[in-house]
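Asks: Structure in structure tokens, see below.
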Amino acid sequence: MLAFRYRFHGHGSLRYIYSKGRTVRNRSLQLRYIANAKREDSRAVVVVSKKVVKSAVKRNRIRRRLYEILRRHWKAILAPTDLVLTVYAPEVGTVPAQELEEQVLDLLQQAGLYHLEPQSDKID
């Protein structure tokens, strides 16, 4: 799971990204992002609506899978950037891990936020 300091706290901090952020999207995920010069570190949040998946257990599993992908590639993401990863398809919960990781990295590359250098698997 992504460390607490790299995640958003409260819905109020998302308003700015929703109003001013830029967006890239594929068929099942959307990445909304904006540079945040007020912070040293990037922040991220994964949003899975009840409209997409009714079961809280399944929504949390999707969230954990996406946070883990972000955690493994966190050092390669340009900082400081605020990221909102929104899920639009329930299939994200059953997609193979490698395919899901490719989708997330593709969104980050489309946004111009991802360096293709090899990174270590651990962050603070």
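We did not get these values from a lab; they are worked out from the coordinates using the rules stated. Since we're looking at a predicted model, the values are computed, not measured. So basically every Cβ, Gly included, is an ideal-geometry build from the backbone, and we count neighbours across all protein chains shown.
Asks: Can you give me the C-alpha center-to-center distance between the range 80-99 and the range 19-69, rounded to a whole angstrom?
Replies: One Cα centre to the other: 7 Å.
Asks: Considering only Trp74, Ser55, Ser42, whose Cα is most displaced toward the positive end of the charge dipole of the range 4-110, charges sitting on Cβ of Lys, Arg (+1) and Asp, Glu (-1)?
Replies: Ser55
Asks: Between [x] 46, 25, 19; [y] 36, 33, 26; [z] 44, 35, 33, which entry matches Cα extents along the principal axes in Å as derived from the coordinates of this structure?
Replies: [y]
Asks: Counting alpha carbon pairs within less than 8 Å and at least 6 residues apart, what relative contact order, in whole percent, applies to the chain?
Replies: Over the chain, the number comes to 33 percent.
Asks: With r defined as the distance between the Cβ atoms of Glu91 and Ala35 and R0 fixed at 22 Å, what FRET efficiency is calculated, to the nearest 0.05?
Replies: The computed FRET efficiency comes out at 0.10.
Asks: Using +1 at the Cβ of each Lys and Arg and -1 at the Cβ of each Asp and Glu in the chain, identify which of His115, Leu105, Val87 lies farthest towards the dipole's positive end.
Replies: Val87
Asks: Antiparallel versus total DSSP beta bridges in the chain: what percent is that, nearest 5?
Replies: The antiparallel proportion sits near 65 percent.
Asks: So, one more: Between Arg64 and Arg7, what is the label-point separation in nm under the 7 Å Cα-to-beta-carbon projection?
Replies: Here the answer is 1.2 nm between the modelled labels.
Asks: Moving to a separate point now. Would you mind ranking Thr86, Thr81 so that the residue whose beta carbon has the fewest other beta carbons within 10 Å leads the list?
Replies: Fewest-to-most Cβ neighbours within 10 Å comes out as Thr86, Thr81.
Asks: Could you put His11, His73, His115 in order, starting from the residue whose Cβ has the fewest other Cβ atoms within 10 Å?
Replies: Exposure proxy ranking, most exposed first: His11, His115, His73.
Asks: Using a 10 angstrom cutoff on alpha carbons, build the Gaussian network for the chain and name the most mobile of Gly112, Gly93, Gly21.
Replies: Comparing Gly112, Gly93, Gly21 in the GNM, the peak value goes to Gly112.
Asks: Return Glu40, Glu101, Glu68 ranked ascending by Cβ neighbour count within 10 Å, so the fewest neighbours appear first.
Replies: Glu40, Glu68, Glu101
Asks: How much length, in nm to one decimal, is gained on full extension between Asn26 and Ser49, taken as 0.36 nm per residue of separation minus their Cα-Cα distance?
Replies: Extra length available between Asn26 and Ser49 comes to 6.6 nm.
Asks: Related question: To the nearest 20 Debye, how big is the dipole of the chain about its Cα centre, given +1 on the beta carbon of each Lys and Arg and -1 on that of each Asp and Glu?
Replies: 740
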